[in-house]
Amino acid sequence: MCVLVASVLWGTTGTAATFAPSVGPLAIGAVAMGLGGLLQALIAAPRMRREAPRLRAHKGVVLLGALSVGAYPLAFYSSMHLAGVAAGTVVSIGSAPLASALIERVVDGRRLTRRWMAGAALGLSGTVLLCAAEAAGSDSGPGMRSASETVLGVGLGLIAGLTYALYSWAAHRLISHGITSGAAMGTVFGTGGLLLMPVLLATGAPLLASWSNAAVGAYMALVPMFAGYVLFGWGLAHVPTSTATTLSLLEPAVAAVLAVLVVGERLPLPGWAGIALVGGCLAVLTTPTRRPRATTTGPAATTPKDAALAGPGAP
């Protein structure tokens, strides 16, 4: 539920950005993840100090996560700017579960269950339908994008999906080694936020040009990025990275609904069908697994709680 609520908050970013059209994608990304990450570090500072020895013992994972946090928003918002909101969001968020599964398989040796594969297939099919429907609905607008812009946007979306999977894996890795979610997320996102400060200083002047632009920047940093990633960190303490990134496929569905309700866009019938498929994905992944009550004692016994928390690599 924490991951799902975080995905809903993230789904509001595209609509929020429409209220600051003069602010570029690099500035939006830097203010959102940069200030949001620094705020996470500020709130988690006491825990980070207490757990500093453990964090230093995993400094390589921390550095990988921080670099990914710094790269993700720049690639993500630039992808939406070049390829369009629909294509950029779907490529970025839709490729993350596959990247997460590959990382877990190669690094952690985690097997993928049929349940995860079924949920991922439903979610990816839904996001593709949603992307196609939104693209078809926007064809009538002026100013068609060039093929080179679209290709570059899709490429940046793939980079965004990979970096999203990497910092999610890094945070989960730290948490699985006994570090609290607050300290893990504060360290990874705080360090990543510091890396984004030069970008914000270089591109963020339009954020101060009007009260509406400043309000959009404050909202992006405080709500979807700070609150959303605190919730995401809590979720990562209980589910594998591949499950969390697959659940985040709710984000483009929320973005599409808000675009219809708030921005005034129209969503064709295939888009609603795509949203329904995403809902099916979430149902498959979040419904607790019922297993027979264990009749033996010892290491082989499985408790209902263990079954409910089992992720893609569970037997």
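Computed quantities for the displayed model
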read-out	value
Only one of 98, 82, 42 that is open to solvent by 10 Å² or more (accessible area, probe 1.4 Å), touching a Leu at 6+ places or on another chain (Cβ under 9 Å) and over 14 Å from residue 165 (Cα atoms)	82
Long-range neighbours under 6 Å by Cβ, at least six apart or interchain, first residue over 15 Å from residue 61 (Cα atoms) within region 98-110, second open to solvent by 50 Å² or more (accessible area, probe 1.4 Å) and modelled with pLDDT of 80 or more	99/162
Options 16, 20: the member that is surrounded by fewer than 24 Cβ atoms within 10 Å (Cβ to Cβ), aliphatic (A, V, I, L, M), in contact with a helix residue (DSSP H, G or I) (Cβ under 6 Å, 6 or more places away or on another chain) and not in a helix (DSSP H, G or I)	20
Filter result for the condition that a residue is surrounded by 13 or more Cβ atoms within 10 Å (Cβ to Cβ), modelled with pLDDT under 80 and touching an Asp or Glu at 6+ places or on another chain (Cβ under 9 Å), over 249, 267	267
Residue check, residue 133 farther than 28 Å from residue 190 by Cα, crowded, with 22+ Cβ neighbours inside 10 Å, among the aliphatic types (A, V, I, L, M) and more than 17 Å from the chain's Cα centre (by Cα)	yes
Filtered residues of region 233-253 (kept if outside any helix (DSSP H, G or I) and either charged (D, E, K, R) or under 11 Å from the mean Cα position of the chain (by Cα) (or both))	248, 249
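The values are calculated or read from the model by the stated rules, or taken from the named source; none is laboratory data. Worth saying up front: this structure is predicted, and the values here are computed from it rather than measured. Positions of Cβ are generated from backbone atoms using ideal geometry, with glycine treated the same way; all protein chains shown enter the neighbour counts. For accessibility, only protein heavy atoms count, side chains too; no ligands or nucleic acids. Shrake-Rupley method; radii C 1.70, N 1.55, O 1.52, S 1.80 Å.
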